[in-house]
Structures are given as structure tokens and as C-alpha cells.
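First comes the structure, then the notes that go with it.
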Amino acid sequence: MLSKGKIKLIKSLSQKKFRDELKLFVAEGTKSVCDIAKHCRCVTLIATDKWLNEHHIESNETIVATPKEIEIVSLQKTPQPVVGIFEQPSFKIDYKEVKSSLSLALDSVQDPGNMGTIVRIADWFGIRNIFCSTGTADIYNPKTVQATMGAVGRVKVHYIDLPKFLSEISSETPIFGTSLDGENIYMKQLPKHGIIVMGNEGNGISTEVGKLVTERLLIPNFSKNTETSESLNVAIATAIVCSEFRR
């Protein structure tokens, strides 16, 4: 039986202030719930009887619900047969790992869908750390969680004072950023380690963070002498840049 209290709890987790206070987040759908459960503790699992008979997830609490009840608590436009409430993981920055590997830094990327897609891209390209400015979209926003397709449990997302962090580490690892005055990314020899900074959807990399970028890269536009798009979506640009670093 799905109680009113549980419905109220799930609905409250659509708001960041309650997610931060309770250190919980919601995931929906078989893939997301099953993948996240391997890395984050499931506090409450709400699913149809049919779903529970076909899947096994360890949880502190399991509630059998009807499709109608799940529709009531769902935070998605298209309800799935399973909803999970998970504990937010806590990560410490491993500076040794950061200096020897490839990481992403997000400078006020604000769209939840872009944020989730970037986490999914990082997971695909084996990037384990993403460093976010405080103005970046919340990784535990339901839309963001959904867009990661389970990658939220595998990629470590840190919210930090980004300029301070980059200034402290810039002497030990290169910091890359995309720019119209950068070097053609397809012509440049790229290392296996460093931090790739991606900027805000409308304003790009901030002036403060831009001053800390040590290597500027350009994704060239191949539509010459014709009308074309002004820019690339930040998630698409991230995928292109990560692909070139892994080439």
C-alpha cells in the first residue's frame, strides 16, 4: 500500500531543497533503477507486482503498487512500472586520479537534459570525474537522472568553487576549453590526461574560468560560404571533444 506520506516524500524530491536536506533522489524506469542500485543504496522501491516478479533489487523497503498508484507518484511524463528512492552518494576528490586521467568541468551548464546527457557521455568515454560550478544544474534533478540512463551511479559529480579548484590544479594538469580563437581540435595532438571545461549554453565559459584555461580548442564549422547554425549544443560539443581526446 502506497501511503500518503510516501507520496508526499516522492513529490517533495522534485525540489532541490528537499533533495539536499534529505540526501535522497528519485529514479524511474527499469534500466535507471537497476543500474543505479548497483552503486547507490536503495531506500524505497515502488513497483508493480509483475515488475517485482521479474527483477530483484535490494532495498530497505519494497512497496507493491498498482500502475495507477505509480502514475500518481511519478515525476516523469511517461510513468514507468518502477520508482526508486536512493541515497545520494558522497565522493571525495582524488587529486592523484585527477592529475593522471581525463576529467570534465562544467561552468554553469544549466539545462537538466544537457547535464544528464553529459554525464552519460562521460560514462561512455571512461571519464570518472565531473567538476561542476555551483551554478550548474543539479545532478539529482529527476530530469537529469533520467537523462543519464543510469550513469549517475558510475560517474563522480563534484560541486565545487570551480575557479578556485582549477587555479589550484592548473600547474599540474592542462586545462582545455573550446573557443572561437582556439586551435583546430582535429589538427592538435591531445594528451591522455587533463580537464576539459564546457561552458554555459548561452554564454559559454565565464571570464573568470576562461582565464584559467591553458589550452584553447576550436571545433571548426565546415559549412563554408553558407548560412549555418551559430553554435553547437553543449552536450553535442562535449561528445565531439571527448571523442577526439580518446581517438
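The values are calculated or read from the model by the stated rules, or taken from the named source; none is laboratory data. Note that the structure is predicted; figures quoted are calculated from it, not measured. All Cβ positions, even for glycine, are placed from backbone atoms using ideal geometry, and neighbour counts span all protein chains on display. Quick note on the areas: whole protein, heavy atoms, side chains included, nothing else; ligands and nucleic acids left out. Shrake-Rupley method; radii C 1.70, N 1.55, O 1.52, S 1.80 Å.
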Name the residues in segment 19-59 that are hydrophobic (A, V, I, L, M, F, W, C), in contact with a helix residue (DSSP H, G or I) (Cβ under 7 Å, 6 or more places away or on another chain) and part of a helix (DSSP H, G or I), would you? I36
For segment 1-20 the number of residues that are under 23 Å from Y159 (Cβ atoms), open to solvent by 40 Å² or more (accessible area, probe 1.4 Å) and not charged (D, E, K, R) is 3
Can you confirm whether segment 109-124 contains a residue that is buried (at least 18 other Cβ atoms within 10 Å of the Cβ), touching a residue at least 24 places away in the same chain (Cβ under 8 Å) and more than 11 Å from the chain's Cα centre (by Cα)? no
Does segment 148-162 contain at least one residue that is loosely packed, with under 14 Cβ neighbours inside 10 Å, free of Cβ contacts under 8 Å to residues at least 24 places away in the same chain and at negative phi? no
Is it true that L180 is touching a residue at least 12 places away in the same chain (Cβ under 8 Å) and either of a type in the set (V, I, T) or open to solvent by 40 Å² or more (accessible area, probe 1.4 Å) (or both)? yes
Can you report the number of residues in segment 38-56 which are free of Cβ contacts under 8 Å to residues at least 60 places away in the same chain, over 15 Å from V73 (Cβ atoms) and open to solvent by 20 Å² or more (accessible area, probe 1.4 Å)? 8
